[in-house]
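The block underneath contains the structure these notes are about, expressed in structure tokens.
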């Protein structure tokens, strides 16, 4: 073990942090307004796939935007079902996840090899060369986004409206706020960010898309939301912690000495997620109307 | 609703609506299934397939003859059980997404019967018990985390799914591995296999186990005091607690019962689905059965009897999909089936689908009217 391999670990962790933090911050915005979207996993997966298609067609920026677009589209459907049609949010989210599993596996077969598709080099987002090695520019986006979200939620009128809608939709409605529209916008924004995170996976980090690319990251992001207690700044920290353990698993597997079978190493991020979440729950308070469709009396 | 001044047309619409709400549960499931199949058709069309030919192949492959029907039922057997896992917990007010992982460990536990011998029915029974016990053990993790630490079961069950997946990967690769066939585990011996019911097909006596367990869950939930408590806790936990029901007890009970069902689903696959009678590395025969079970539970309206019909439908989709993927010059991959499932679940999330759909039709009509040149001229 030497200095450069520890630097490697830190660099992978920073990359692994990006999808978790971005997705978690998007979900924090959505949950603040009262919609609980467990379809994030599916949005990440479809974002990674559609991002690859976009990157092949028009380069990395188009790829990332394609991810944002498809994330918005899916969460728009989710929000219409959950907010306007008073649907069960959990079930809609499960539907999104199932749909994504099939859609991406299906699309990959259609593109050629089942289960795997590489993003061509010219379609990948160039990494910045820094003293720490090659870093994706989106790392800086992920570092800044939580602060912007924090300012938005606590220092702007729109942020307060979001909180009002999540805490007490009746009162917000009386005050002339369109509850359903607010929830639709917040959740669509959350989907856009999750779609960006998905496209980041394929276009800006790994350079390929597989049918199990998201590998529970969407649910780890949900765990991050729980950990953060809807505070975007803590989501940044949580994203780094969970990203670190994901990377640690990858990193241990590259070590020359293989003392533990890889299957146990791969369990690590999920076990840590369980431990962290069971350590923090109880002191976290969520919006009162979270997960409950708003119906006028 | 406007009271007295309603036009005759409105009254007719209300009458139709009342009929639809009377049939409610079944009609909504059928509507959702149709909607899901339509989404699948649109996607197939976009990707350059012929949806009608594909669905025709699927239908023939699913219900075109005795052999096809038998394989549809066989594919539906594990789905009945994983569907039950989800709906038992939903009836108790929890979203248990852990059927997938509990099924993996159940399947791995059932493989253990290969290491000792017993006479025929008992060997099979022991395997079933192993699988059920493993499923329960695995389901207690999320249940206890929820009970003691308040961890949301949505997150914990998913994490347990991933952990069990890697655990079973490990067991398949190192512990249960067949020394002569490194890509799979040892095989279930003849004395511990479910007898095949229809020779030449995949349909084994595991179907009795699945249907029997569904009936057991039905009787337990709707005709016993314990089941009443579970459902009461699901409908309104505050009221149930006020009425003297221990929420903790119903929670653990429903999780454990769900674990049994998921474990049995694993056993039904390893011990009751020819031709492998083993777990192949990468778990291709098991993968996603737990998630598909959620679609089955939803379309079956979370009722054991509804789940039987829904499992037959989804088993048919799976069996037919296997035919569809080899049919014609441009065959549609099996993965299409899961796309359709996802769309169906999404549609099932919409409450009172029968009510929303006319609204969609109305909105579309309004849109066409405003966009048509004639309307624009009139507006001008």
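No lab work stands behind these numbers, since they all come straight from the coordinates. Every value quoted in this text rests on a predicted model; they were computed, and no experiment measured them. Note that we place each Cβ from the backbone using ideal geometry, even for glycine, and neighbour counts take in every protein chain shown.
Taking the inverse of the mean 1/r over every pair of distinct Cα atoms in segment A:32-127 gives a Kirkwood hydrodynamic radius of 14.1 Å.
Here the calculated FRET efficiency for residue A:128 and residue A:170, from their Cβ-Cβ distance with R0 = 51 Å, stands at 0.55, rounded to the nearest 0.05.
When the Gaussian network model of chain A links Cα atoms closer than 10 Å, the mean-square fluctuations of A:43, A:260, A:271 top out at A:260. Put simply, the Cα atoms of chain A extend 64, 43, 34 Å along their principal axes, the longest span coming first. Result for chain A in a Gaussian network model with C-alpha springs under 10 Å: among A:125, A:135, A:275, the largest mean-square fluctuation is at A:275.
Other protein chain C-beta atoms within 10 Å of residue C-beta, averaged over B:146-156: 6.
Which shape class applies to segment A:1-63: rounded if a/c is under 1.5, otherwise prolate when a/b exceeds b/c and oblate if not, where a ≥ b ≥ c are the square roots of the Cα gyration tensor eigenvalues? It is oblate, given that a/c is not under 1.5 and a/b is not larger than b/c. From the Cα gyration tensor of segment B:32-160, with a ≥ b ≥ c the square roots of its eigenvalues, which class applies: rounded if a/c is under 1.5, or else prolate if a/b is larger than b/c, or else oblate? It is oblate, given that a/c is not under 1.5 and a/b is not larger than b/c. Take each residue of peptide A:209-217, count the partner chain Cβ atoms within 10 Å of its Cβ, and average: the result is 1.
Expressed as a whole percent, the proportion of Cα-Cα pairs in segment B:133-190 lying more than 13 Å apart is 67%. Peptide A:166-175 has a mean shielding of 0, counted as Cβ atoms of other protein chains within 10 Å of each residue's Cβ.
Looking at chain B as a GNM with Cα springs under 10 Å, which of B:206, B:261, B:99 has the largest mean-square fluctuation? It is B:206. Cα centroid separation, segment B:223-242 to segment B:292-337: 32 Å. The equivalent ellipsoid of chain B has semi-axes of 40, 28, 18 Å, largest first, where each one is the square root of 5 times an eigenvalue of the Cα gyration tensor.
What is the helix-to-structure angle for A:217-228, meaning the angle in degrees between its Cα long axis and the longest Cα principal axis of chain A, kept from 0 to 90 and rounded to the nearest 10? Result, in degrees: 60.
By other beta-carbon atoms within 10 Å, ranking B:89, B:112 with the fewest at the front produces B:112, B:89.
The ellipsoid that matches the Cα gyration tensor of segment A:111-264 has semi-axes, each √(5λ) in whole angstrom, of 36, 18, 17, with the longest given first. Segment A:211-257 and segment A:1-26 have Cα centres separated by 9 Å. Shape of segment B:214-331 from the C-alpha gyration tensor: prolate (a/c of 1.5 or more and a/b above b/c, with a ≥ b ≥ c the square roots of its eigenvalues).
For the protein assembly as shown, the mean residue ellipticity at 222 nm estimated from helices alone is -23500 deg cm²/dmol, where every DSSP H run of n ≥ 4 contributes -39500 (n - 2.57) and the total is divided by all residues, rounded to the nearest 500. Computed from Cα positions, the angle between helix B:153-170 and the longest principal axis of chain B comes to roughly 40 degrees.
Evaluated on the protein assembly as shown, the Kirkwood hydrodynamic radius is 26.1 Å, with distances taken between all distinct Cα atoms.
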